[in-house]
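Comments concern the structure below.
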Amino acid sequence: MIEGQLVRLRAREPGDAERAFGWINDWEVARFLLVRYPLSLASERIWVEATPAASFGGVHLAIDTLDGRHIGNLDLRNVMPENRTAELGIMIGDKQFWGRGYGADAVRTVARLAFHRMNLNRLYLHTYAYNERAQRSFARAGFTLEGRLRNHLFVDGRYWDVLVMGLLREEFDAQEQTAGAGA
Ligand SMILES: CC(C)(COP(=O)(O)OP(=O)(O)OC[C@H]1O[C@@H](n2cnc3c(N)ncnc32)[C@H](O)[C@@H]1OP(=O)(O)O)[C@@H](O)C(=O)NCCC(=O)NCCS
C-alpha cells in the first residue's frame, strides 16, 4: 500500500466491483470519463477480476481514505518504456469526497510511485474542457496545461475541446522540495 496525506492506494479487490458499478453508471461521474453506455455489474466484476497486478506495464489501484473507505480508482496506462511516459486516469467516484483535496493527494501519491519507484519521467492526461474541477485539482497536484485538442469530444449535444496536461519528474521533485522546505 502507498500512503499519501489523505489517501491510501491499494490493489483492487473483487469486492470493489459493486461500488465501481454504481459510480460508472452515475452520469454525474461518467460524463467526466465518458462511459457512454450503461455497464452491467457482471461486466464490471469481470473487469475487476481481469485487472492485472500492478507492474511496470500498468498500475491499476483503488483509492481509499486513510480510515479505509473506498472512494475511487486510478490507473497509469500506456506506459512507454523507451519514453519513460505514462497516461494517468483517475475517478473519485464517491461524490461526497469531491473538492476536498482527495483527488490532488491521490495524484501526488501516484506521481511519487511513477517517478521514484517506476523511474518514469513524464505523466500526462486528457481532461474535458467542461471538467473545471479536474483541471484545478490536477494543477494543484502540479500538472501544467500543455495543449488543447479542439472539438475532440462530442457529449450533451455539442463538441468540446479536450485538454492535455502534463507533469515532468524534475518539476515534481522541485515541488516536493519546496513543499518539504515549507513544512
Ligand atoms: C477530478 C477529480 C479527480 C478531482 O478530485 P477532487 O478531490 O474532487 O478535487 P480536489 O479537491 O483535489 O481539487 C478540486 C479543485 O477544484 C475546485 N473545485 C471544486 N468544485 C469545483 C467546481 N464545481 N467547479 C470548478 N472548480 C471546482 C476546488 O476549489 C479545487 O481547486 P483549488 O485547489 O484551486 O481550490 C474528482 O473530482 C473526480 O474524480 N471527478 C469525477 C471523475 C473525473 O472527473 N475524473 C477525471 C477525469 S480527467
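When restricted to residues that are among the acidic types (Asp, Glu) and part of a loop (DSSP other than H, G, I, E, B), the range 83-119 contains 1. Close Cβ contacts (under 7 Å, 6 or more residues apart or on different chains) running from residues in the range 120-140 that are part of a strand (DSSP E or B) to residues that are within 6 Å of the ligand (Cβ to nearest atom) comprise 127/134; 128/32. When 66, 6 are screened for being touching a residue at least 12 places away in the same chain (Cβ under 8 Å) and within 13 Å of the ligand (Cβ to nearest atom), only 6 passes.
Can you tell me which residue is farthest from the ligand (Cβ to nearest atom) among those in the range 109-138 that are surrounded by fewer than 17 Cβ atoms within 10 Å (Cβ to Cβ) and over 22 Å from residue 60 (Cα atoms)? Selected residue: 130. Evaluate the following for residue 144: is it in contact (Cβ under 8 Å) with a residue 12 or more places away in the chain, surrounded by fewer than 15 Cβ atoms within 10 Å (Cβ to Cβ) and β-branched (Val, Ile, Thr)? Spelling it out, residue 144 is indeed in contact (Cβ under 8 Å) with a residue 12 or more places away in the chain, surrounded by fewer than 15 Cβ atoms within 10 Å (Cβ to Cβ) and β-branched (Val, Ile, Thr).
Taken together, the values in this text are just the output of simple stated rules run on the coordinates, not laboratory data. Note that the coordinates shown come from a computational prediction; the quantities given were computed from them, not determined experimentally. Every residue, glycine among them, receives a Cβ derived from its backbone with ideal geometry; neighbour counts consider all protein chains shown.
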